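Read the structure below first, then the notes.
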Amino acid sequence: MKNSKFIIGGLFILAAVVYLIASSTQASAEYFMTIEEVREQEAEIVGKSLRISGAVLGDSINYDPDTLTITFTVAHVTGDNDEIESSGGLAKVLHDAVREEGTPRLDIVYNGPMPDLLQNEAQAIMTGHIKADGIFYADELLLKCPTKYEEAVPEQSEG
């Protein structure tokens, strides 16, 4: 009789631990998405924590030093490494994404100091959420400098 009380108590504790792990994992889950996927699923993902990547359109960058608010637009870049390599490398993919009309785009708002690497054709990797207004509000912003891939820039963009 005493053992059954310990077993039942242990099962309750185990169930509580499993429930806490499952609920905290779901609450903190981030979904990595491309701009194209965000646009296709916009209504379903409003408010969810997302990580997205895109090519920065240099002429869209606006910075307000009083509020430390940066707004800019990113263009869709594939998330498939094999596709990036077969398309000529990251520099070419970023270049093409910025130049091509009709490429899905997304407006970004980020609060923080102006990063030196925020420039045309840089790859921006952002964590944040999209609101009902269709704008992505970034909490974190990571930039990959396009000059790192300079040797792979297509010939038509040089000069």
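Couple of notes before you dig in:
- Condition met for Asn120 (at pLDDT below 90 and either within 16 Å of Leu142 (Cα to Cα) or within 18 Å of the chain's Cα centre (by Cα) (or both)): no
- Filtered residue count, segment 59-79, keeping only those that are surrounded by fewer than 11 Cβ atoms within 10 Å (Cβ to Cβ) and part of a loop (DSSP other than H, G, I, E, B): 3
- Any chance Thr73 is modelled with pLDDT of 85 or more and under 9 Å from Gly54 (Cβ atoms): yes
- So Thr103, is it modelled with pLDDT of 90 or more, farther than 18 Å from Met126 by Cα and not in a helix (DSSP H, G or I): no
- Test: residue in segment 87-98 that is within 16 Å of the chain's Cα centre (by Cα), in a loop (DSSP other than H, G, I, E, B) and of a type outside the set (Phe, Trp, Tyr): no
- Hits in segment 86-100 (condition: modelled with pLDDT of 85 or more and either in contact with a Cys (Cβ under 9 Å, 6 or more places away or on another chain) or not small (Gly, Ala, Ser) (or both)): Lys92, Val93, Leu94, His95, Asp96, Val98, Arg99, Glu100
- Segment 74-114, residues that are under 16 Å from Thr34 (Cα atoms) and among the acidic types (Asp, Glu): Asp80, Asp82, Glu83, Asp96, Asp107
- Subset of segment 128-148 [modelled with pLDDT of 90 or more, under 19 Å from Thr78 (Cα atoms) and surrounded by fewer than 16 Cβ atoms within 10 Å (Cβ to Cβ)]: Leu142
- Met114 being modelled with pLDDT of 90 or more, aliphatic (A, V, I, L, M), more than 17 Å from the chain's Cα centre (by Cα) and outside any helix (DSSP H, G or I): yes
- Here segment 49-69 is the region considered, the condition is being without any contact (Cβ under 8 Å) to a residue 60 or more places away in the chain and either in contact with a Phe, Trp or Tyr (Cβ under 8 Å, 6 or more places away or on another chain) or of a type in the set (Lys, Arg) (or both), and the residue that is farthest from Gly112 (Cα to Cα) is Ser60.
- Filtered residue count, segment 80-100, keeping only those that are surrounded by 15 or more Cβ atoms within 10 Å (Cβ to Cβ) and either touching a residue at least 60 places away in the same chain (Cβ under 8 Å) or within 19 Å of Lys131 (Cβ to Cβ) (or both): 5
The values are calculated or read from the model by the stated rules, or taken from the named source; none is laboratory data. These numbers were taken from a predicted model, which means no experiment stands behind them. A quick note on method: Cβ atoms are made from the backbone with ideal geometry, for glycine too, and the neighbour counts reach across all protein chains shown.
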